[in-house]
Amino acid sequence: MMLKAVFLEFHGTVLNDARLREQITSDLLLQNNLRPNAQDYQQCCVGRRDRACLHDLLEQRGRLVNTPMLQNLVNTKQQAYGKAIASCNELPIYPGLEVFIRKLQSANLKIGLLTLLSAQIIEPILARANLLNAFDAWLTADEDWLSPPEPEGYEHLLQKVCQLEPGLTAANCLAIDHTLPGIAAAHLAGMAVVGITHTYPLHILQRHASWVVDKFNELELERIEAVFAGSDRRAAASAS
């Protein structure tokens, strides 16, 4: 089985925005007379869609949650995120990403992006980072898919890439993610996963991912391609 596509999660994998996302969520709770809690945020929000995150945070605090209210909070959070990123003097792209993407392109691999943002917000960010044309397909928050750890996000992204690469299956795909829900979602979708230690330490990710690296420049693409070519995913466990 050959490696034919690589999927990257945007938040915390491509862009170092974890603290910003937590701060915006905390501000949103305070605006609604609710006290933020770091442990609750970790449990409800890391690696999950804004809708699922905010729903669970509000429900934990005994708030009645209805669809219009939740959608308004999601929109407010996304707009605040877009403004905050636009005000950054320099985008916090993780080091080594651009070189890694060029390696994927040189290997003729399809590249997919999974983002929790709407297309309206993600497009100017990618354009500013000179990444607008780096990805063959995107899955955004505008589309209907269940939050990780459900596999729908990666499954929908696979369907998009299949339109460009007929015959592509999950067994041909590698996901790169930094959260436990995201890694679980990719595995449930049938994909091998590289865990990158942008959020969790190596010893935690080793229990969940096929491979684990600290940085993009540590990811040995040729080694992973060899494992795929040998159709032996079990070798990944000893390689991580």
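Every number here is computed from the coordinates shown, using simple stated rules; none is lab data. Model, not experiment: these values are computed from the prediction. So basically every Cβ, Gly included, is an ideal-geometry build from the backbone, and we count neighbours across all protein chains shown.
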Which residue, Ile85, Leu126, Ala226, has the largest displacement toward the positive end of the dipole of the chain when charges sit on each Cβ (Lys, Arg +1; Asp, Glu -1)? Ile85
5 Å is the cut-off here: which amide hydrogens, built 1.01 Å from N in the peptide plane, fall below it relative to Ala141, excluding neighbours closer than 5 in sequence? Leu117, Ser118, Ala119
Ranked by how many other beta carbons lie within 10 Å on average, peptides 88-97, 120-129 from highest: 120-129, 88-97
Summing +1 per Lys or Arg and -1 per Asp or Glu among the other residues with Cβ less than 11 Å from Asn32's Cβ gives +2
Restraint check, Lys83/Lys110; Lys103/Lys160; Lys110/Lys215, Cα-Cα greater than 26 Å: Lys83/Lys110
Candidate aspartates and glutamates for bridging to Lys77, where Cα separation is under 20 Å - those fewer than 8 sequence places away on the same chain excluded: Glu9, Asp17, Glu22, Asp27, Asp40, Asp50, Asp56, Glu59, Glu123, Asp142, Glu143, Asp144
